[in-house]
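Following: one structure in structure tokens, then a few remarks.
The values are calculated or read from the model by the stated rules, or taken from the named source; none is laboratory data. Predicted model only: the values in this text are computed from it and were never measured. Because the Cβ atoms are built from the backbone with ideal geometry, glycine has one as well, and the counts that use them run over all protein chains shown.
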Amino acid sequence: MNGQRMLPNCCEEWILDPAWKWGLKIPVLEMFYCAPCGHPWQCTGDGVFMELSTRTSYFVKERNGFPYLSPADGPQLALERCCYLNLIEVIPGRGGEFICPICGALWAMNEETVNGLFREVYSNTKTGQRFARKEGSPRDYFVPLNQ
Ligand SMILES: [Zn+2]
Ligand SMILES: [Zn+2]
């Protein structure tokens, strides 16, 4: 994982996206579960959320008016929310390169056979991190590929 931390895409959306249950209106000290993956969370302060199984705290930050979760300490997230939300808009199977309009990261998309399965693989050309796209509800999500 190159020392980088992965946060399930669903958790970030569950906390930040107003179209989902709360969208940042979670009361302080409220404990809750991300519905898609079941991870337990708690709002521990204004704009601070702790993932309870790892006891990792995240601050809500903004980049170009775009909210995302940033770990309070330790490794940064391998896949930033801006890239995630823009990558899932990319037409599956199109291939080629893609620049995240929020943070400017350059992504390359390829179709590859991984562990015998045909997969769409998304690579961050700066960090070398590679992710496989998986079908999810209500949105697809990304899981890191072991190098
Ligand atoms: Zn989740
Ligand atoms: Zn980005």
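A few notes on this one:
- The strands (runs of 3 or more DSSP E) found wholly in segment 64-147 and carrying at least 3 residues that are in contact with a Cys (Cβ under 9 Å, 6 or more places away or on another chain) occupy 66-71.
- Test: residue in segment 78-99 that is in contact with a Pro (Cβ under 7 Å, 6 or more places away or on another chain), of a type outside the set (Phe, Trp, Tyr), within 16 Å of ligand 1 (Cβ to nearest atom) and at pLDDT 85 or above: yes
- Among the residues of segment 61-75, those that are in contact with a helix residue (DSSP H, G or I) (Cβ under 7 Å, 6 or more places away or on another chain) and surrounded by 15 or more Cβ atoms within 10 Å (Cβ to Cβ) comprise Phe66, Pro67, Tyr68, Leu69.
- Residues in segment 131-147 that are out of contact with any strand residue (DSSP E or B) (no Cβ under 6 Å at 6 or more places or on another chain) and farther than 17 Å from Trp14 by Cβ: Glu135, Asn146, Gln147.
- Scanning segment 38-84 for residues that are within 13 Å of the chain's Cα centre (by Cα) and touching a residue at least 24 places away in the same chain (Cβ under 8 Å) yields a count of 13.
- Residue within segment 76-84 that is among the small types (Gly, Ala, Ser), surrounded by 15 or more Cβ atoms within 10 Å (Cβ to Cβ) and touching a Ser or Thr at 6+ places or on another chain (Cβ under 8 Å) present: yes
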